[in-house]
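This report concerns only the one structure given below.
Where a number appears in this text, it was derived from the coordinates with a stated rule and is not lab data. Quantities reported herein were computed from a predicted structural model and do not represent experimental measurements. We place every Cβ from the backbone using ideal geometry, glycine too, and count neighbours over all the protein chains shown.
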Amino acid sequence: SVYYDHKKDQEAADQASLKTETAKISASSSAPISLSPSGTNNITNNNGSKSISKLSYKEKREYEQLEQKIPEMEAEKEKIEKILYGDPPNGYSEVQKLSERLAELTTAIDTSTERWMSLAERV
């Protein structure tokens, strides 16, 4: 899924950027940190432009919840797909219920993944 691919790419990029950032920090002076009125920390460059915007407490909690919720929904989706595509139930109403739930899960996963990605960009 997009979530898992992004997590793997993010971990690899984090390791690479950590090495680069430590080299940059040791080579240049530290960037001044200012506290914005909203309570989030913003790191500014020497020219004063904002480079990183941290997540608020609510956003951090939402991010953590999404990291738990997305894999759970993915697992339920896989389970339903195995039932529908492997050994479908005999009754039409059962198939319809499972198909509706599958559609709901797909929409919820897409929405949650988009939100998770927007928050992950700011972490």
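Each peptide in 70-77, 58-65 gets a packing score, the mean of other Cβ atoms within 10 Å over its residues, and the list from highest to lowest is 70-77, 58-65.
Pairs exceeding 24 Å between alpha-carbon atoms, taken from Lys7/Lys77; Lys7/Lys69; Lys7/Lys58; Lys60/Lys97; Lys58/Lys97: Lys60/Lys97; Lys58/Lys97. Working note: Karplus 6.51/-1.76/1.60 with θ = phi - 60° gives the stretch 111-123 the couplings 5, 5, 5, 4, 5, 4, 5, 5, 6, 5, 5, 9, 6 Hz, where Gly and Pro are set to x.
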